[in-house]
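Asks: Quick one: structure below, then a few questions.
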Amino acid sequence: MKGSYILLIFLLDETRIRIGSLGLLTFPKGYYLYVGSAMGSNSSTSLENRVKRHISESHHKKLFWHIDYFLASDISILVKIYLIPSLIRLECVLAGEILSACDNYIKGFGSSDCLCSSHLLYFKDFQEIKQIFSR
């Protein structure tokens with residue numbers, strides 16, 4: 001299956017994380033929505049396998065995407081996963097819509113292959129996120 005996904009992540013405390021080519025960044029405590037996609041044509045790049053990779057707790061997996069570094073932090077908790085099956089790439093549309101509602105974003109995170117400001121969007125509290133998904 002192809003499509004996009006949104007990961008809801010809670011960061012227990014403010015922390016600094018080295019994110020690949022973005023370098024050492026400070027992330028405030030709070031909620032984050034990460035928007036990604038899996039549009040590959042083979043099973044190893046399917047939506048299910050991409051999400052399984054992100055949720056695997058192997059400390060030996062290769063850190064490839066920006067989100068891999070973020071999820072490898074000991075104080076990040078993956079709370080919920082939203083799957084959006086689709087034959088067209090919706091990742092940037094979704095990130096753009098959520099960007100208009102978030103408190104802040106991490107510039108360039110997850111968006112090195114597109115023109116989006118970011119695919120990691122920050123929310124101070126959960127109520128704002130609940131409103132996004134209740135529209």
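Each reported figure results from applying straightforward, stated rules to the coordinates on display, with no laboratory input. Here the structure is a predicted model, which is why all the values come from computation and not from measurement. Cβ placement follows ideal geometry from the backbone for every residue including glycine, while neighbour counts extend to all protein chains displayed.
Asks: For LYS52, list the lysines whose Cα falls under 20 Å from its own Cα; do not include residues on the same chain fewer than 8 positions away.
Replies: By straight Cα distance, LYS52 reaches LYS2, LYS61, LYS62, LYS80.
Asks: Okay, moving on. Exactly which trypsin sites (Lys or Arg not before Pro) in the stretch 28-68 are in a DSSP loop and have at most 14 other Cβ atoms within 10 Å? If you can, show how the numbers build up before the last one.
Replies: Working: sites: LYS29, ARG50, LYS52, ARG53, LYS61, LYS62; in loops: LYS29, LYS61, LYS62.
Counting only loop positions with at most 14 other Cβ atoms within 10 Å, the trypsin sites (Lys or Arg not before Pro) in the stretch 28-68 are LYS29, LYS61, LYS62.
Asks: Loop only per DSSP, at most 11 neighbouring Cβ atoms within 10 Å: give me the chymotrypsin sites (Phe, Trp or Tyr not before Pro) in the stretch 37-117, ordered by residue number.
Replies: Listed in order of number, the matching sites are PHE64.
Asks: Pick out which of ILE98, ILE88, ILE106 has the largest mean-square fluctuation in a Gaussian network model of the chain, springs linking Cα atoms closer than 10 Å.
Replies: With Cα springs under 10 Å in the chain, the top fluctuation among ILE98, ILE88, ILE106 is at ILE88.
Asks: Only helical DSSP H runs with n ≥ 4 go in: add -39500 (n - 2.57) per run for the chain, normalise by residue count and round the 222 nm mean residue ellipticity to 500 deg cm²/dmol.
Replies: Calculated mean residue ellipticity at 222 nm is -6500 deg cm²/dmol.
Asks: Picking from PHE70, TYR122, PHE10, whose Cα lies most toward the positive end of the charge dipole for the chain (charges on Cβ: Lys, Arg +1; Asp, Glu -1)?
Replies: Result: PHE70, furthest along the dipole toward the positive end.
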